[in-house]
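Reviewing the structure listed below.
The values are calculated or read from the model by the stated rules, or taken from the named source; none is laboratory data. Nothing here was measured: the structure is a model prediction, and the numbers come from that model. With ideal geometry, Cβ positions are generated from the backbone for all residues, glycine too; neighbour counts draw on all protein chains shown. Just so you know, the surface numbers come from the protein's heavy atoms only, side chains and all, with ligands and any DNA or RNA stripped out. Shrake-Rupley method; radii C 1.70, N 1.55, O 1.52, S 1.80 Å.
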Amino acid sequence: MRIMAFDYGTKRVGVAVTDPLQIIANPLTTLHPDKLWPFLQEYMQSEAVETFVVGKPRRMDGTDSQSAEHVVGFTRRLQREFPSIPVVEVDERFTSKMASAVISQSGMNRKKRQNKETVDTLSATIILQDYLNSKSIY
């Protein structure tokens, strides 16, 4: 079974997923929030997902940021749509900056580096890999 992670935004949602052995986080896609639900319904028909991981936006002092309320609504809907799959929220501070740094060092051309969808998908991948790393620490 896989673990799926989301970098939720009101304009785009980055999605990442693990391999079936839950060792490596892989970028999957970036979608408009309205297109996410049909995508998930279709994806879940062909792949088994054990856990959803949602990045929770926080301020430097650890409190929820302004955009956290949107993530709360998204998390609630995930729980309603897929009640048998647990949802775990993780701190997503700095994931977009880390994703941008990785992209800028990757050698991608300028057009790809400026593509916000790439940043969102990579952010979801970083969120998922951080979650996997935290699970493996005893």
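Go over the candidates Leu21, Leu31 one by one and state the one that is within 13 Å of the chain's Cα centre (by Cα), over 15 Å from Ile126 (Cβ atoms) and at pLDDT 90 or above.
Within the list Leu21, Leu31, the selection yields Leu31.
Quick one: Ala5 ticks every box in (1) at pLDDT 95 or above; (2) over 14 Å from Glu89 (Cβ atoms); (3) in contact with a strand residue (DSSP E or B) (Cβ under 9 Å, 6 or more places away or on another chain) bar one, so which box is it?
(2)
Check Val53, Val71, Val87 and return the single one that is open to solvent by less than 70 Å² (accessible area, probe 1.4 Å), modelled with pLDDT of 95 or more and under 17 Å from Ser123 (Cα atoms). Outline the logic, then answer.
Values: Val71 fails: modelled with pLDDT of 95 or more; Val87 fails: under 17 Å from Ser123 (Cα atoms).
Only one candidate qualifies: Val53.
Quick test of your reading of the structure: Glu92 fulfils all but one of (1) within 15 Å of Asp120 (Cβ to Cβ); (2) at pLDDT below 95; (3) of a type in the set (D, E, K, R); (4) out of contact with any Gly (no Cβ under 7 Å at 6 or more places or on another chain). Name the failing condition by number.
Of (1) within 15 Å of Asp120 (Cβ to Cβ); (2) at pLDDT below 95; (3) of a type in the set (D, E, K, R); (4) out of contact with any Gly (no Cβ under 7 Å at 6 or more places or on another chain), only one is false for Glu92: (4).
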